[in-house]
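Undergrad: I have a structure I would like to understand better, so I am pasting it below and will then ask my questions one at a time.
The values are calculated or read from the model by the stated rules, or taken from the named source; none is laboratory data. Just so we're clear, the structure is a prediction, and the values are computed from it rather than from any experiment. Ideal geometry is used to build each Cβ from the backbone, glycine not excepted, and the neighbour counts take in all protein chains shown. Each accessible area value is taken on the protein alone, full model and side chains, heavy atoms only, with ligands, DNA and RNA left out. Shrake-Rupley method; radii C 1.70, N 1.55, O 1.52, S 1.80 Å.
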Amino acid sequence: MKIRATTLLIFILPVLVLGAWTLRLRWQGTSGVTVQMPVEGFDPRDPISGHYVTWRLAMGLHDPCRPGSQGLIDRQEERCLCFDAKAQPEPNWAGSCTDKPMDCSLYLQGVCQWSGFMVGVERFYIPEADSAWLKVVPPKSRVRLTLTGSGKAMVKEFLPEGQDYKVWIQRKKAEQPTAP
């Protein structure tokens, strides 16, 4: 049986593309700088969301969406949140990306929407077996993000009530063995 080159290409090309995409995501997740930020949950009722919890970043003093001395902000404009270069980076400046300080090499870029500063890390997948115990984001929760040099971020870890996810969910299951 003779295999044509086009047939071989049709089957190998998608595997190569998927492999390259996976390697790129893995590289981004391991090569970036990790920051930890508080999150607050909001109404997660979305019938097509699946087993996800939805949150928004709790910005505090350095909220890129807070109106400044110029008045209201343009909701289409890219906004930035800069971090210092410490071992555990903390936010130190927020505002329009066009006004970003020159020494701001570690930053998070997003847009302001009615629910707050949106950067594309506002959802976290919950395994179906755990979804009954975690329907909303608990208070004092945090998220570890990996920041790339281009203002993008990836969720590295979700910390409900500031604890490791696996430890927290096991504790919840032990406290209430049957699903609520």
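Undergrad: Assuming residue 22 fulfils every condition listed in (1) at pLDDT 85 or above; (2) open to solvent by less than 70 Å² (accessible area, probe 1.4 Å) apart from one, which condition is it?
TA: Residue 22 satisfies every listed condition except (2).
Undergrad: So, one more: Sort out which residues of the stretch 122-149 are touching a residue at least 12 places away in the same chain (Cβ under 8 Å) and open to solvent by 60 Å² or more (accessible area, probe 1.4 Å), and write them in order of number.
TA: 123, 125, 128, 135, 136, 139, 140, 142, 144, 149
Undergrad: So, of the residues in the stretch 121-180 that are β-branched (Val, Ile, Thr) and not in a loop (DSSP other than H, G, I, E, B), which turns out to be nearest to residue 35 (Cα to Cα)?
TA: 146
Undergrad: A follow-up question, please. Any residue in the stretch 103-118 that is of a type outside the set (A, V, I, L, M), modelled with pLDDT under 90 and closer than 23 Å to residue 26 by Cα?
TA: yes
Undergrad: Which numbered condition in (1) open to solvent by less than 60 Å² (accessible area, probe 1.4 Å); (2) at negative phi is the only one that residue 116 fails?
TA: Residue 116 satisfies every listed condition except (2).
Undergrad: Also, quick follow-up: Evaluate the following for residue 166: is it charged (D, E, K, R) and within 30 Å of residue 31 (Cα to Cα)?
TA: Here the answer is yes, as residue 166 does meet what is asked.
Undergrad: Please work out which residue is modelled with the highest pLDDT, limiting yourself to the stretch 43-74 and to residues that are within 19 Å of residue 165 (Cα to Cα) and open to solvent by 40 Å² or more (accessible area, probe 1.4 Å).
TA: 56
Undergrad: Would you mind telling me which numbered condition in (1) open to solvent by 50 Å² or more (accessible area, probe 1.4 Å); (2) touching a Ser or Thr at 6+ places or on another chain (Cβ under 7 Å); (3) of a type in the set (D, E, K, R) residue 90 fails?
TA: It is condition (2) that residue 90 fails.
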